[in-house]
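Worksheet: one structure, shown below.
All of the numbers you see were taken from the coordinates with simple rules; none came from a lab. The structure displayed is predicted, hence computed values, not measured ones. Note: ideal-geometry Cβ built from the backbone for every residue, glycine included; neighbour counts use all protein chains shown.
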Amino acid sequence: MGKPFQIDYSPAQWGNQATGARSAPYGGINVQSPPNLIDPSETPSAINFMVRNRELRSRPNFRVFVPSPDGNTVLGVGSFLSKNSVWHTFCFTKIGLYQLSFGVSALLAKGLNPWVYVGGPTLDPAYFVRWRVFQGILYYSSNNGHTSAWDGAALTPIADAAFLGFGVSGLPPATTTLIGAQFIGELDNHILLASTSEIPVTAGVKGAVAYFPQRLRWSNSGFNPTSGGVFGANLGTAGATFDPSVFVNAGLTDFIDVPDLLTGTMYIGRTGYLFRQNGITEISPTGNGTVPFDFNHMWASEQGIGNVYSASIAQYGTTGVFVASDNIYKISDKVVAIGGNARDAIMSDLASTSIQPTGAITPALTLGYNYLVYMLFISTPQGNTKCWVYSLEDDNWMPWQFSDTIVGIPNKCWIGDVPVTVTTQQIVSGVASGGGNAGGIPGGRPPNIPNQFFIPPVG
Amino acid sequence: MAVPFSENGGFNATTFFLFMPTIASDTGRPTISIFDPSSFDDPDDAASYSWKAEDIVIGRVPIVRRALLVYTDLGLATITVTVTGTDDNNKQISSSKVIQIGTIAATGLQMTKLVDVTLACFRPQLSITRVAGAGPISIVSASLIGEYEEVTL
């Protein structure tokens, strides 16, 4: 008879006597030590488990919720609250902007398309559609030379809400430059467009899109979405402009003094951060009307900490996360490396893919199920998606995997009903896709069909 | 609150999900997918978790006799409990047992499962695996139980 042993793996064993904590969270993945030298709270190998609330649980069901509205790849999703305090959940395809109807589950069950086409312009599928909401107005751009706007009430979006020169009734002048961007932001009451795409227009004739991945443009201060009673007119006409020859408080700068291009933005407090592949540029408002911003390249080295993947950067309140060449970083009051003992595995996955990874911070997986995590989605060469989940509360990483390929930036989106399960088969077989669609495209409402007023239930 | 008639669509929100634009692997068609925490039994994707490999006493060959799992009953689930290690011929060896945990009622109670899985090996490592659709798992704690010889090898 040998000497007995019992090894317990329990958060109760990992408590900290110094702090009096009776339990501690799981440590998550550790691939940076041999498996017999890691902490008992860690794992050398795991997939599709979550370590939330001191327990080890199989991750939530991953399932198809709705089909693409028109059979094309979804380039972006989100929700916004309009000025009338009405929620709109929207998505983009290359055809344009769609919004989700009330009662999505019932519509799917009846085989109807839950998406309703709102309007164009057509979007560039080579880019994710970036969007921001300012005072109840959704602004979006796919870096296609257009920044469009929709307030949730108008029948169609305004195709061009950012342009040079004086607009007329919310429309650009006949000779102008239309402006789109990869990143939309706001600082000190200026709207900022970073990594711009611009279309010169001469006497109504449009030229080719020109890209300026090193350029930042800003509107004049004090834009007013309701000025003139024409939504969207705040940018090009009545309220504000991007044209410094119209208003000296607007302007642009080209960062030609750094070796890299703009790959993301983040706005925390009164400071903006422009991310480059190898650096970060700080934007500080000056209070000077003619020179409203001061730019400080925190470093401009050939190599350095920056945001490598333009869609992996994410922000939740005062916390942001981005992926650099050497590690994953969290930025709040300071910049902290968070890759930890999962870093090498994450970097290995990133190196294995040719599809742009995406990231998101979500406070919860659904209403009432809080899980404040940063998720980094990496498509694998096998067509699966590896999702690295970082708990911002417990400081651990766990890998999830699902068999579908992620192709856009995830976002928290509201719906107007309690969902019921609709199987993938129902959706893909067309049972739950839109009727009357063209060319067998599932769920498609052709964009030439007029939009319909939606009469919501009272209550 | 009623949605104003002047609004073009929209709704009074009731809940939210993380919408993820995806291409469905089985059809190749674009969709939007979600993680749905109303179920922890994913029908399409398996799950596994390995704990630390244990030296017990460096240089000794311990014998694992059983594993002990304390779990929260989320419903019936079938899992494979495995102990893996290497023998003194430098070959990987393992011993597994398929078990069922939980109840149909999904009581939410903490329950205990003793699993008789025996293996003599260097650095035994406990792991659990769940095939796709095999049920939800919520482990509170796990234990590796056995013995080792006190004499020098």
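Under a cut-off of 21 Å between alpha-carbon atoms, report the lysines in cross-link reach of B:Lys97, not counting same-chain residues fewer than 8 places apart.
Partners found: B:Lys52, B:Lys113.
Once both labels are modelled 7 Å past Cα along the beta-carbon direction, what's the A:Asn16-A:Asn296 spacing in nm?
Between A:Asn16 and A:Asn296, the simple spin-label model gives 3.1 nm.
Which order do B:Cys121, A:Cys387 fall in if you start with the one that has the fewest other Cβ atoms within 10 Å? It would help to have the intermediate numbers written out before the result.
Details: B:Cys121 22, A:Cys387 25.
Lowest count first: B:Cys121, A:Cys387.
Hey, got the average number of other protein chain Cβ atoms within 10 angstrom for residues in A:405-411? Please report the intermediate quantities before stating the final value.
Values: counts 7, 5, 6, 7, 3, 10, 6.
For this peptide, the per-residue mean of nearby foreign Cβ atoms is 6.
Taking R0 as 41 Å, what FRET efficiency do you get between B:Ala46 and A:Met347 from their Cβ-Cβ distance, rounded to the nearest 0.05? Show your work: numbers first, answer last.
On the way: r = 25 Å, r/R0 = 0.60.
The pair B:Ala46/A:Met347 has a calculated efficiency of 0.95.
Would you please give the residues with an amide H less than 5 Å from that of A:Leu187, counting only those at least 5 places away or on a separate chain, with H modeled from the backbone geometry?
Under 5 Å from the amide H of A:Leu187: A:Leu192.
Students often check this: by mean Cβ neighbours within 10 Å, which of B:84-95, A:55-66 ranks highest, and how do the rest follow?
Numbers: B:84-95: 13.1, A:55-66: 24.1.
Packing proxy ranking, top to bottom: A:55-66, B:84-95.
Using the beta-carbon distance between B:Val70 and A:Leu252 and R0 = 56 Å, what value does 1/(1 + (r/R0)^6) give for FRET efficiency, to the nearest 0.05?
On the way: r = 62 Å, r/R0 = 1.10.
E between B:Val70 and A:Leu252, to the nearest 0.05, is 0.35.
Could you please report the charge total around A:Pro121, scoring K, R as +1 and D, E as -1 over all other residues with beta-carbon less than 14 angstrom from its beta-carbon? Write down the numbers at each step before the final one.
On the way: positive: A:Lys94, A:Lys206; negative: A:Asp124, A:Asp160.
Local net charge: 0.
Express the Stokes-Einstein translational diffusion coefficient of segment B:27-145 in µm² s⁻¹, to the nearest whole number, given a Kirkwood radius over alpha-carbon pairs, 37 °C and a viscosity of 0.692 mPa s.
Numbers: Rh = 15.7 Å.
Once the numbers are plugged in, D ends up at 209 µm²/s.
Set the Förster distance to 51 Å, then compute FRET efficiency between A:Thr122 and A:Glu282 from the Cβ-Cβ distance, nearest 0.05.
Numbers: r = 36 Å, r/R0 = 0.70.
E(calc), rounded to 0.05, equals 0.90.
How large is Rg/Rh for segment A:260-311, to two decimals, with Cα atoms and a Kirkwood Rh? All intermediate terms of the calculation are to be shown ahead of the outcome.
Numbers: Rg = 11.6 Å, Rh = 11.4 Å.
Expressed as Rg/Rh, it is 1.02.
Between B:Asp116 and A:Ile355, what is the label-point separation in nm under the 7 Å Cα-to-beta-carbon projection?
That separation, rounded to one decimal, is 4.7 nm.
According to a simple spin-label model (label point 7 Å from Cα along Cα-to-Cβ), what is the distance in nm between B:Thr14 and A:Thr380?
Label-label distance for A:Thr380 and B:Thr14, simple model: 3.6 nm.
Taking each residue in A:45-56, count the Cβ atoms of any other chain within 10 Å of its Cβ, then average. What number comes out?
6
What is the projected area of the convex hull of the Cα atoms of segment A:99-186, averaged over all directions, in nm²? If you can, show how the numbers build up before the last one.
Numbers: hull surface 28.7 nm².
Result: a mean projected hull area of 7.2 nm².
Give me the net charge for the shell around A:Asn411: Cβ to Cβ below 15 angstrom, other residues only, Lys and Arg +1, Asp and Glu -1. Let's see the in-between values first.
Values: positive: A:Arg130, A:Arg132, A:Lys412; negative: none.
Overall, the nearby charge balance is +3.
For peptide A:32-38, what's the mean number of Cβ atoms from other chains within 10 Å of each residue's Cβ?
Across A:32-38, the average partner-chain Cβ count within 10 Å equals 4.
Distance between Cα centroids, segment A:372-387 to segment B:9-60: provide it in whole Å.
10
Among A:400-410, A:368-378, how do they line up by average Cβ neighbours within 10 Å per residue, starting with the highest?
On the way: A:400-410: 23.0, A:368-378: 20.8.
The packing order, highest mean first, is A:400-410, A:368-378.
Given the rule -39500 (n - 2.57) for each run of at least 4 DSSP H residues, summed and divided by the residues of the protein assembly as shown, what is its mean residue ellipticity at 222 nm, to the nearest 500 deg cm²/dmol?
-1000 deg cm²/dmol
Under a cut-off of 28 Å between alpha-carbon atoms, report the lysines in cross-link reach of A:Lys83, not counting same-chain residues fewer than 8 places apart.
A:Lys94, A:Lys412
Once you have a ≥ b ≥ c as the square roots of the Cα gyration tensor eigenvalues for segment A:281-378, tell me rounded if a/c is under 1.5, and otherwise prolate or oblate according to whether a/b is larger than b/c. List each step's numbers first, then the result.
Working: a/c = 2.27, a/b = 1.37, b/c = 1.66.
Taking the square roots of the gyration eigenvalues as a ≥ b ≥ c, segment A:281-378 is oblate.
Going from the alpha-carbon gyration tensor of chain A, what semi-axes, largest first and in whole Å, does one get by taking the root of 5 times each eigenvalue?
Working: eigenvalues 325, 177, 72 Å².
Semi-axes from the Cα gyration tensor: 40, 30, 19 Å.
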